[in-house]
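The values are calculated or read from the model by the stated rules, or taken from the named source; none is laboratory data. The shown structure was predicted, so the numbers you read here are calculated from the model rather than taken from an experiment. FYI the Cβ positions are ideal-geometry reconstructions off the backbone, even for glycines, and counts take in every protein chain you see. Note: accessible area is taken over every heavy atom of the protein model, side chains too, but ligands, DNA and RNA are not part of it. Shrake-Rupley method; radii C 1.70, N 1.55, O 1.52, S 1.80 Å.
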Amino acid sequence: MKELSLNILDVAENSVKAGASLTQILLCEQGGTLTIEIVDDGCGMDEDTVRSVTDPFFTTRTTRKVGMGIPLLKLACEQTGGNLAISSVTSQASPEGHGTHVTATFDTNHIDFTPLGDVCSTVLTLIQGHPDRDFLFRHQQGDHVVELDTRELREVLEDVPLNTYDVMQWIEGNLREQYGQTQEEDGHDGEE
């Protein structure tokens, strides 16, 4: 994939398909390291599935015979000297504490580092496609944090669906404004 935001979208979509009511997308950029964590409360995977999920010829889908999302993310990590770790607990093993935690680390200074891409569009796609699910997005860049929690939006909006046009416009504007603040703090005004 040309941007890590597409890998994030793929893994988060897997979380939704696993029945997650909350998917957390946590990015942290410190020094020359980017850490991406995707944590969900879905049905989880057993140990055999966790061991197999990085194999491109393994998939739980019936529509195709290969699953490239996690293997491509693993490759993107490893080509920068980083790594991918997956832990998961099934709902059978823990009815209260089940879910999956994917952690990907990257050396952002490495020549083979894949650009992060448009994470705002990734978050918007997830919310628009799954307005009945909750997402917590947090991107820490040094001391600056960009954050959006759909649970907080639901409290304010009450019965208004998250994927209505006005709400989606507000979410996009809010995220882009928060990222704009990062550019201003870095001494860039965001304009060419």
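Under a Cβ-Cβ cut-off of 10 Å, what is the net charge of the residues other than F106 that fall near it, where Lys and Arg count +1 and Asp and Glu count -1? Spell out each step's value before the answer.
Working: positive: none; negative: E29, E78, D107, D112.
Spelling it out: positives minus negatives among the neighbours equals -4.
Helix-only mean residue ellipticity at 222 nm, the chain, DSSP H runs n ≥ 4 weighted -39,500 (n - 2.57), per residue, nearest 500. What is it? Before the final figure, lay out each step's value.
Numbers: 6 runs with 70 residues, N = 192.
Result for the chain, helices only: -11000 deg cm²/dmol.
What's the local net charge at D41, with K and R +1, D and E -1, over the other residues with C-beta under 15 Å away?
Details: positive: K17, R133, R151; negative: E37, D40, E96, D132, D134, D149.
Local net charge: -3.
Using a basic spin-label model with each label point 7 Å from the Cα along Cα→Cβ, how many nm lie between D159 and E96?
3.4 nm
May I ask you to give the solvent-accessible area per residue for the chain, in square angstrom, as obtained with a 1.4 angstrom probe? Can you show the working numbers first?
Details: 10670 Å² over 192 residues.
Value returned for the chain: 56 Å² of accessible area per residue.
Over the Cα atoms, compute the radius of gyration (one decimal) and Dmax (the largest Cα-Cα distance, rounded to a whole number) for region 73-177, in Å.
16.8, 48
Excluding D134 itself, calculate the net charge of residues whose Cβ lies under 12 Å from the Cβ of D134, where each Lys or Arg counts +1 and each Asp or Glu counts -1.
Details: positive: R133, R151, R154; negative: D40, D41, D132, D149, E152, E155.
Neighbourhood net charge equals -3.
Could you pull the Rg and Dmax for region 89-128, using just the Cα atoms, both in Å?
Values for region 89-128 (Cα only, Rg and Dmax): 16.1, 43 Å.
Return the carbon/sulfur percentage of the accessible area of the chain, one whole number, probe 1.4 Å, all protein chains in place. It would help to have the intermediate numbers written out before the result.
Details: 5170 of 10670 Å².
So the carbon and sulfur contribution to the accessible surface is 48 percent.
Kindly write out, for region 69-78 in residue order, the coupling ³J(HN,Hα) from the Karplus curve 6.51 cos²θ - 1.76 cosθ + 1.60 (θ = phi - 60°), rounded to whole Hz, with x marking Gly and Pro.
Going residue by residue, I get x, 5, x, 5, 5, 4, 4, 4, 5, 5 Hz, with x marking Gly and Pro.
Can you compute the label reach from D48? Point 7 Å from Cα along the Cβ direction, backbone N cut-off under 17 Å, restricted to region 76-93.
88-93
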